[in-house]
């Protein structure tokens with residue numbers, strides 16, 4: 001799943017969480033729920049062509065949801081975002097440091113739930129777009 005989708009879903013989760021700890025935990029669990037949905041994926045050598053722009057869009061999305069969140073909800077919203085994105089720290093860690101920060105059993109579980117195929121890119125983009133609309137509505141109405 002694109003990291004941008006995880007950012008936006010984490011923001012929605014954080015908007016409804018009673019506190020930052022709950023937002024972080026729920027965001028973390030949501031990561032695996034989204035990754036279990038059949039989604040787009042490609043060969044590792046081609047992944048960076050999508051991962052870099054997606055990461056940059058994800059950073060812009062984090063700034064946007066932080067700005068859109070009500071000041072009283074901002075920390076919980078960002079906690080949801082952090083939790084939802086945390087499991088994917090393995091990818092840049094492997095790229096830059098040659099290893100995942102997580103134990104092997106965690107990485108095996110995370111990889112094992114993913115059902116990726118290259119032909120699902122439309123589904124991936126539609127999911128991200130739908131999550132963007134949902135996040136915009138939720139953050140606007142939860143002010």
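Rule-based calculations on the coordinates, nothing more; no lab input. Since the model is a prediction, treat every value here as computed from it, not as a measurement. Cβ coordinates were reconstructed from backbone atoms using ideal geometry, including for glycine residues, and neighbour counts include every protein chain displayed.
A few remarks follow.
- For the stretch 1-60, the Cα-based Rg and Dmax, in that order, read 13.0, 41 Å.
- Residues residue 123 and residue 94, FRET efficiency given R0 of 35 Å [Cβ-Cβ distance, rounded to 0.05]: 0.85
- Debye log10 I(q)/I(0) at q = 0.23, 0.26 Å⁻¹ for the stretch 46-126, Cα point scatterers: -1.25, -1.29
- Relative contact order (%) - criterion: Cα under 8 Å, at least six apart; region: the chain: 43
- Rg/Rh for the stretch 91-141 (Cα atoms only, Rh after Kirkwood) is 1.15.
- Above 17 Å, the calculated P(r) of the stretch 3-141 contains 60 percent of its Cα-Cα pairs.
- Degrees, to the nearest 10: 20-36 long Cα axis against longest axis of the chain: 40
- Distance between the modelled labels on residue 136 and residue 29, one decimal in nanometres: 3.0 nm (7 Å Cα→Cβ projection).
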